[in-house]
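Novice: Got a structure for you, written out below as structure tokens; questions coming shortly.
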Amino acid sequence: MEFKFTLSRPEVSAGKVILEFVDGGQDEHDLHIRPAAGGPDVAAFGATKARQHVDEEINLAPGTYTFYCSLPGHEALGMKATFIAR
């Protein structure tokens, strides 16, 4: 689906997390992560090309986070998902 994130798991252990971002759509997308309660992004990964696969390692403090695509209109079209780091 073009405007949807699918999480492999809704919960991860806090600390080092490896994110696997696969753009399975036809359009470019990016990936930003912010605390679900609001505030600045804790991580951001630049635009991907269609069918591109990116692995990134980040450190996450315990909390609830939102993944979203920051390209114009993409989050509103459904490119967001929430997960928990425990």
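The values are calculated or read from the model by the stated rules, or taken from the named source; none is laboratory data. Just so it is clear, the model here is predicted, and its values are computed rather than measured. Cβ coordinates were reconstructed from backbone atoms using ideal geometry, including for glycine residues, and neighbour counts include every protein chain displayed. The protein model used for the area step is the full one, side chains on, heavy atoms only, and it has no ligands, DNA or RNA in it. Shrake-Rupley method; radii C 1.70, N 1.55, O 1.52, S 1.80 Å.
Novice: With every protein chain left in place, what is the accessible area per residue of the chain in square angstrom, probe 1.4 Å?
Specialist: Working: 5240 Å² over 86 residues.
With the other protein chains kept in place, the chain gives 61 Å² per residue.
Novice: Here's a follow-up. Would you please give the residues with an amide H less than 5 Å from that of residue 43, counting only those at least 5 places away or on a separate chain, with H modeled from the backbone geometry?
Specialist: Those lying under 5 Å, H to H, from residue 43 are 33.
Novice: Name the residues whose placed amide hydrogens come within less than 5 Å of the amide hydrogen of residue 36, ignoring near sequence neighbours (fewer than 5 apart) on the same chain.
Specialist: 64, 65, 66
Novice: Eigenvalues of the Cα gyration tensor times 5, then square-rooted: what semi-axes does that give for segment 24-69, in whole angstrom, largest first?
Specialist: Working: eigenvalues 100, 26, 12 Å².
Square roots of five times the eigenvalues give 22, 11, 8 Å.
Novice: Between the DSSP loop rule and a limit of at most 14 other Cβ atoms within 10 Å, which trypsin sites (Lys or Arg not before Pro) in segment 1-51 are left? Write out the running numbers ahead of the final one.
Specialist: Numbers: sites: 4, 16, 49, 51; in loops: 4, 49, 51.
Filter output for segment 1-51: 4, 49, 51.
Novice: Further, regarding this structure: Residue 60's amide H: which non-local residues (gap 5+, or another chain) put their own amide H closer than 5 Å, with H modeled 1.01 Å from N in plane and none for Pro or chain starts?
Specialist: HN-HN under 5 Å from residue 60: 15, 16, 17.
Novice: Considering only protein heavy atoms and a 1.4 Å probe, what is the carbon-and-sulfur percentage of the accessible area of the chain?
Specialist: Reported share for carbon and sulfur atoms: 51 percent.
Novice: Dipole of the chain (Lys/Arg Cβ +1, Asp/Glu Cβ -1, origin at the Cα centre): which of 54, 3, 82 lies farthest to the positive side?
Specialist: In the chain, that residue is 82.
Novice: So, with +1 on the Cβ of K and R and -1 on the Cβ of D and E, and no other charges, what is the size of the charge dipole of the chain about its Cα centre, to the nearest 20 debye?
Specialist: Values: 8 positive and 12 negative charges, 57 e Å.
The calculation lands at about 280 debye.
Novice: Which value does Rg/Rh take for the chain over its C-alpha atoms, Rh per Kirkwood? Each step should come with its number before you reach the end.
Specialist: Working: Rg = 12.2 Å, Rh = 13.0 Å.
Over the Cα atoms of the chain, Rg/Rh equals 0.93.
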